[in-house]
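Asker: Pasting in a structure now, in structure tokens, and then I'll have a few things to ask.
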Amino acid sequence: MRRQQIADEANAIGTAYLRVDLLPAASQPAMRERFRNYVDSRLDVYRKIPDMNAVHTELARSAKLQNEIWADAVAATQLPGAHPDAGKLLLPALNEMIDITTTRTMAARIHPR
């Protein structure tokens, strides 16, 4: 199950990253940089185990980056030069990317040690 969730998260991030192409060209570099920081943060969550204080700190960083990505995406989908369907395609992909984080976090909490 954990391996499937890892694949699901990688796919969700990959899909959302590809859909950044639907944003205006000027918005894409900053968004891609946020995605790189987000992926680094998600990897760091698991690298920091078993230091649970560090894990919780990194989860908070990931959540902050999610909020920034979401806010920037919402704004960018409404800019001139955005693909007409950018909001319809990018935002659901971002939602999936964010949702899998909760799924993996909850699965880790209920997993017997």
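Asker: Taking Val55, is it in a helix (DSSP H, G or I), under 30 Å from Arg109 (Cα atoms) and out of contact with any strand residue (DSSP E or B) (no Cβ under 9 Å at 6 or more places or on another chain)?
Answerer: yes
Asker: If you don't mind, there's one more thing I want to ask. Would you pick out the residues in segment 34-46 that are under 12 Å from the mean Cα position of the chain (by Cα), surrounded by 13 or more Cβ atoms within 10 Å (Cβ to Cβ) and free of Cβ contacts under 8 Å to residues at least 24 places away in the same chain?
Answerer: Scanning segment 34-46 gives a single hit, Asp40.
Asker: Criterion first (surrounded by 15 or more Cβ atoms within 10 Å (Cβ to Cβ), in contact with a Pro (Cβ under 9 Å, 6 or more places away or on another chain) and in a helix (DSSP H, G or I)) does Ala82 satisfy it?
Answerer: no
Asker: Condition first: over 11 Å from the mean Cα position of the chain (by Cα) and surrounded by 12 or more Cβ atoms within 10 Å (Cβ to Cβ). Now tell me which residues in segment 99-113 satisfy that.
Answerer: Selection gives Thr103, Arg104, Thr105, Ala107, Ala108.
Asker: Filter segment 85-98 down to residues that are in a helix (DSSP H, G or I) and in contact (Cβ under 8 Å) with a residue 24 or more places away in the chain and give me whichever is surrounded by the most Cβ atoms within 10 Å (Cβ to Cβ).
Answerer: Leu90
Asker: Same structure, new question: Do you know which residues across segment 47-57 are aliphatic (A, V, I, L, M) and surrounded by 12 or more Cβ atoms within 10 Å (Cβ to Cβ)?
Answerer: Ala54, Val55, listed by residue number.
Asker: Could we say that Arg3 is at pLDDT below 95, farther than 17 Å from Arg109 by Cβ and out of contact with any Lys or Arg (no Cβ under 7 Å at 6 or more places or on another chain) here?
Answerer: yes
Asker: Would you check which residues across segment 9-33 are buried (at least 16 other Cβ atoms within 10 Å of the Cβ) and within 14 Å of the chain's Cα centre (by Cα) and list them?
Answerer: Glu9, Ala12, Ile13, Thr15, Ala16, Tyr17, Arg19, Val20, Met31, listed by residue number.
The values are calculated or read from the model by the stated rules, or taken from the named source; none is laboratory data. Owing to the predicted nature of the structure, the values given are computational and were not obtained by experimental measurement. All Cβ positions, even for glycine, are placed from backbone atoms using ideal geometry, and neighbour counts span all protein chains on display.
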